[in-house]
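See below for the structure under consideration.
Please treat every number below as a calculation from the coordinates, not as lab data. Just so you know, these numbers come straight off a predicted model, no measurement behind them. Because the Cβ atoms are built from the backbone with ideal geometry, glycine has one as well, and the counts that use them run over all protein chains shown.
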Amino acid sequence: MSKSSDELGAELYELWFAGERRLPAIAEEFATAASRVGGSMNGESAFWRPSELSGPYGAARGPWVSFRDEVYDILKETADNLDLTGEALSLAAREYAKTDRAAAAKLEQLKHQNADVQILD
Amino acid sequence: MSYEQLMQHAAEIERLAVKGALEQKGFVYDPHGNPHAPTDIGEQGAQDIIDMTAKQFSDVQSMFSPFASMPDPNAFGGMRDDMLAAMRELSTGQTPTDPITGLGVEANITLDAMGGVGDALLDWHGKAAETFKLNFVEPFDSFTRNQFMLVAILKGGIEAEQEIWKNARANADKIAHDAITALEHMGDCGKNDWTMLFTVGASVAAVGATVVTGGTAIIALTAVGAASQVVAAAAPDDPPKTQFSGETAEAVISQVREALSTLASEIRKQEQKIASAMTSCSSYVVAHRSSFVAARPTLAGATASTVRDSQSGLGEA
């Protein structure tokens, strides 16, 4: 049995909410994590010491920085994937809505009705 | 006595060494701190001996100088806090715990919103929707937990570095303190000896940080942390202990030189432990990147013309 327009509208709303609200919120957490990890480069001068003590930066700094950069890339890539997938779900909701006027109306009604709903509700 | 006064202590060591060496050559110091030679060597002869003795110990301050500019453990605090802040962002599950220190990290409930994303896609069966659910939504917690572990390993490395310099500064200070005491007591009865415990040599401890690979396999990466903070670590090395003794100023200064050399060597060894752990973890992550970040979903590249497609989109409504 095919879906009613109301059912489709409700599903499109869930897609839209996931794409417009949930995924960007999650992506932001990863972007913030990436930013904090990457931002640590501002403190790297803490490793400085005189040449007699394996200066200027010692044995640990290079490998730590390389690993830090790798972890930064992983977090940034995760944030980007989440953002782009969110955009795709939001786009999908709009594109499917174009195929069913009643479903589109239901989608808009739910968006309006649930304007205050939080991502974890 | 404190580390910040290390160069003042070095100057005092030099002064005491010269004084001790001159006294051993028969010089007597008056209450104002001026040396007076035995009467039979003449004024010029006395001055030559004083100059030669001063020259003999003129490198004492330069011996200490590099150790007076060691990294400040507190200067690593910003980097450490950055890592902890990132861990809080990535903290999932019921009782997320820092694998290095065992401390709890408050869970980030925003990440729970991924459950709602999965629910929104339940009725969509296009190939891109299915693979997104399978490769991204379902293993989301595992990916996030693994990423949390990587940041925890970075934090452990910084905390280990902090511990090295905290101990190194205390050890340098103690070397100076012991030298002053030894020089002040050279003329006393009994053996003039002292023991130096190089606590810096037990600064870094190894600890396992587990990550999930291939769905269920658990791999323990070798991480490091500050020995005073780690949990479930392999037994840390005993800090090297050296017995020193010296009955002359020359002998005491020679022992100080040896102690400073040992200190530099122990710092190098401890930093190498951090370097090895970071290199090893980094190599593992590069070789097993798919355990730490999901492949870019096909959906992420969807366009208006493909997003409803049964292969590259969500499929039939």
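Structure notes:
- D_trans [Stokes-Einstein, Kirkwood Rh over alpha-carbon pairs] for the range A:79-121, 10 °C, 1.306 mPa s, µm² s⁻¹: 136 µm²/s
- Annotation: the residues A:Trp48, A:Trp64, B:Trp194, sorted from fewest to most other C-beta atoms within 10 Å of their own C-beta, follow the order A:Trp48, B:Trp194, A:Trp64.
- Radius of gyration and Dmax over the Cα atoms of the range B:171-276, both given in Å: 19.7, 72
- When the alpha-carbon atoms of the range B:96-220 are used, the pair Rg, Dmax equals 26.4, 92 angstrom.
- Calculated P(r) of the range B:1-147 - Cα pairs past 25 Å, %: 63 percent
- Cβ-Cβ FRET estimate between A:Asp116 and B:Thr110, R0 fixed at 22 Å, reported to 0.05: 0.80
- Here the simple spin-label model places points 7 Å from the Cα toward Cβ, and for B:Gln56 and A:Lys3 these points are separated by 9.5 nm.
- Other-chain or far-sequence residues with amide H under 5 Å of B:Val105's (modelled H): B:Thr97, B:Asp98
- Peptide-level mean, for B:101-110, of C-beta atoms on other protein chains within 10 Å: 1
- Shielding by partners for peptide B:148-159, expressed as the average number of C-beta atoms from other protein chains within 10 Å of each residue's C-beta, is 4.
- Kirkwood-type hydrodynamic radius, chain B: 24.2 Å, calculated from all non-identical alpha-carbon pairs.
- Convex hull volume per residue in cubic angstrom - Cα atoms of the range B:145-206: 56 Å³
- Spin-label pair B:Gln94/B:Thr131, simplified geometry with 7 Å Cα→Cβ offset, distance in nm: 3.6 nm
- Ellipsoid equivalent to the range B:229-311 - semi-axes via the Cα gyration tensor, in Å: 59, 14, 8
- Length available on full extension from B:Ser228 to B:Gln8: 0.36 nm per residue minus the Cα-Cα distance, which gives 76.2 nm.
- Spatially near lysine pairs across chain B, Cα under 17 Å, sequence gap of 8 or more or different chains: 9
- Each label was represented as a point 7 Å from its Cα along the Cα-to-Cβ direction; for B:Thr195 and B:Asp237 these points are 2.0 nm apart.
- Binning the C-alpha pair distances of the protein assembly as shown at 10 Å intervals from 0 yields a P(r) profile of 4, 18, 20, 15, 12, 10, 7, 5, 4, 2, 1, 0, 0 %, listed from the shortest bin outward.
- Cβ-based exposure ranking for A:Leu84, B:Leu260, in which fewest neighbours within 10 Å come first: A:Leu84, B:Leu260
- By the count of other C-beta atoms within 10 Å, a proxy for reagent exposure, B:Glu316, B:Glu43 are ordered fewest to most as B:Glu43, B:Glu316.
- The charge dipole of chain B, taken about the Cα centre with unit charges on the Cβ atoms of Lys, Arg (+1) and Asp, Glu (-1), comes to about 1100 debye, rounded to the nearest 20.
- Pairs of lysines in chain A (C-alpha under 25 Å apart; 8 or more residues apart or interchain): 5
- Relative to the globular-protein estimate of 2.2 N^0.38 Å, the Cα radius of gyration of the range B:68-137 stands at 1.72.
- P(r) of the range A:26-113 over all Cα-Cα pairs, binned every 5 Å from zero, in whole percent: 3, 12, 14, 12, 10, 9, 9, 7, 6, 5, 4, 4, 3, 2, 1, 0
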